[in-house]
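The values are calculated or read from the model by the stated rules, or taken from the named source; none is laboratory data. Every value quoted in this text rests on a predicted model; they were computed, and no experiment measured them. A quick note on method: Cβ atoms are made from the backbone with ideal geometry, for glycine too, and the neighbour counts reach across all protein chains shown. With ligands, DNA and RNA removed, areas are computed over all heavy atoms of the protein, side chains included. Shrake-Rupley method; radii C 1.70, N 1.55, O 1.52, S 1.80 Å.
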Amino acid sequence: MVNAEKFIAKAITEIKSEAGENKVVMALSGGVDSSVCAVLAARAIGDRLIPIYIDTGLMRKGETDRIRTLFEGTQLQIIDGGDEFLDALKGHTDPEAKRKAIGERFIRVFEREARIVGAKCLLQGTIYPDRIESEGGIKSHHNVGGMPPHMEFTKVIEPIRDLYKDEVRDVAGALGMPKEIQHRMPFPGPGLAVRVLGEITREKVAVIREANWIVEDELVEMYRPWQCFAALIGLGTGVKGDNRIHGWIVAVRAVNSRDGMTADPVEIPFDHLVRIGSRITADIPSVARVVYDITSKPPATIEYE
Ligand code: XMP
């Protein structure tokens, strides 16, 4: 476990020296990793830091409004990238291709904004497990292996690249950040795209956004899991009224974990699971079936892609 105070002092010195006199754009999602980076970088280089939040159209329900409120009064720029990201994802079914398309879009949007403000460096909240899992060759986290080979940035600064998530939370505490951010559930950079198997469409994203909202509403407060969410895993038959229908199959996943490297399913009482299933099928008419995922990591990953 790192000594948070020592880490903070070292990280600030490192950001100062890496940035030099340059302006720096940073990817701020509002999660604990990027928020910690934003505080460290603001202390290191003040208003030469330009934090940018991109609404990729793949965010959770209400997320962009939450970020707007949370960071009100700061320099944060909010970019609406919904159409751009959905266009970039069109036709892609392979998980790696989807991650790469998203990683590339992120960089292109940051480059565009960097040109406008005259920034040369990009700062991002990559943590140790992102690098380990990308280097393992199974999947490219959007902010590591998912990045395009050619970028306009002369430097990428990653102040928390050696930390695990629980260490990042300790640093957030030492920085005096709000509990809401410190203990927030992880949410993947590619967003709901890794919670929809296969090709992304607006309709699928709308379905899974609503289902995620229901799952979080049912489970976060009660079980405080490491992560809980819904994923759209296919299309099957169902019956609604007198008709057989084709409807979406939604998987509910809730896991406990220490660092995201291994995980176990949360034991949810059966009657609560049934209630969640009924709520999802009632609120989202195009869903015909809901299942609960009982797999640990390994062999499954936490996300579906
Ligand atoms: P997996 O699915 O690999 O997830 O067991 C481990 C942790 O990482 C998150 N995750 C990601 N985070 N970009 C991210 O920023 C990604 O591409 C990505 N893929 C997975 C996942 O939500 C879990 O917390």
task = Report, by residue number, each residue of region 22-62 that is of a type in the set (A, V, I, L, M), under 23 Å from LYS165 (Cβ atoms) and part of a helix (DSSP H, G or I).
result = VAL32, VAL36, ALA38, VAL39, LEU40, ALA41, ALA42, ALA44
task = Could you list all residues from region 283-301 that are within 16 Å of the ligand (Cβ to nearest atom) and under 20 Å from MET222 (Cα atoms)?
result = ASP293, ILE294
request  = Could you check how many residues of region 24-33 are open to solvent by less than 10 Å² (accessible area, probe 1.4 Å) and either modelled with pLDDT of 95 or more or among the hydrophobic types (A, V, I, L, M, F, W, C) (or both)?
outcome  = 5
ask   = For ILE280, which of the numbered conditions (1) open to solvent by less than 50 Å² (accessible area, probe 1.4 Å); (2) closer than 21 Å to LEU58 by Cα; (3) within 12 Å of the ligand (Cβ to nearest atom) fails to hold?
value = (3)
ask   = within 20 Å of the chain's Cα centre (by Cα), within 24 Å of PHE187 (Cα to Cα), open to solvent by less than 70 Å² (accessible area, probe 1.4 Å) and modelled with pLDDT of 95 or more: does that describe VAL252?
value = yes
query = Which condition does GLY176 not pass, out of (1) in contact with a Gly (Cβ under 9 Å, 6 or more places away or on another chain); (2) at positive phi, if it passes all the others?
reply = (1)
inquiry  = Residue under question is ALA206, and the condition is that it be in the same structural domain as MET261 (by TED's automatic domain parsing) and either modelled with pLDDT of 95 or more or away from the ligand (no atom under 16 Å from the Cβ) (or both); does it hold?
reply    = yes
Selection from region 1-21 of residues that are open to solvent by less than 60 Å² (accessible area, probe 1.4 Å) and at pLDDT 95 or above = ALA4, PHE7, ILE8, ALA9, ALA11, ILE12, GLU14, ILE15, GLU18, ALA19, GLY20
task = Please verify whether region 166-189 includes one or more residues that are in contact with a Leu (Cβ under 6 Å, 6 or more places away or on another chain) and closer than 28 Å to LYS61 by Cα.
result = no
message = Cβ-Cβ distance below 8 Å, separation of 6 or more or different chains: which pairs start in region 160-189 with a residue that is assigned to a helix (DSSP H, G or I) and end on one that is polar (S, T, N, Q)?
response = ARG169/GLN182; ALA172/SER35; ALA172/GLN182; GLY173/GLN182; ILE181/SER35
